[in-house]
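Beneath this line is the structure, given in structure tokens, with notes to follow.
The values are calculated or read from the model by the stated rules, or taken from the named source; none is laboratory data. Small disclaimer: the values here were computed from a predicted structure and weren't measured. All Cβ positions, glycine included, derive from the backbone under ideal geometry; neighbour counts span all protein chains shown. For the accessible areas, the whole protein counts, side chains as well, though only heavy atoms, and no ligand, DNA or RNA atoms are used. Shrake-Rupley method; radii C 1.70, N 1.55, O 1.52, S 1.80 Å.
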Amino acid sequence: MADTAHDDVKTLSFEAALEQLEQIVAKLESGKAPLAESIAIYERGEALKAHCETLLKTAEARIEKITLNREGKATGTEPLDAN
């Protein structure tokens with residue numbers, strides 16, 4: 001699959017990409033698409049999946065947990081998954 005064939009995927013919001021991905025899955029599961037079309041939409045689905053994963057990772061990196069002291073007052077933030 002050429003990356004340039006699915007450049008428009010990079011401009012989609014998470015919700016729009018997920019909606020398109022769900023439509024592709026439904027069409028592939030129905031078995032009604034001809035082979036050539038199935039291959040093309042599967043490739044688009046792969047691009048949409050990768051885009052959604054990138055957007056999720058970016059969102060996760062921005063989430064922070066508020067830290068509290070013993071009195072329950074906010075003292076700062078730390079990464080959500082800090083170990």
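How tilted is helix 35-62 with respect to the longest principal axis of the chain? Cα atoms for both, answer in degrees (0 to 90, nearest 10).
10
Efficiency by 1/(1 + (r/R0)^6): what FRET value for residue 59 and residue 28, r their Cβ-Cβ distance, R0 = 41 Å, to the nearest 0.05?
Efficiency for this residue pair is about 0.90.
Kindly rank 8-20, 25-37, 42-54 from highest to lowest mean number of other beta carbons found within 10 Å of each residue.
Listed from highest to lowest mean packing, they are 42-54, 8-20, 25-37.
If you roll a 1.4 angstrom probe over the protein chains with everything in place, what fraction of the accessible area of the chain belongs to carbon and sulfur, to the nearest %?
55
Straight-line reach from residue 27: which lysines have Cα under 20 Å away, leaving out those fewer than 8 places along the same chain?
Hits, sequence-local ones excluded: 49.
Take every Cα pair under 8 Å in the chain that's 6+ residues apart, average their separations, divide by the length, and report that relative contact order as a whole percent.
So the answer I get is 25 percent.
From the C-alpha coordinates alone, can you work out the Kirkwood hydrodynamic radius of the chain, in Å?
15.4
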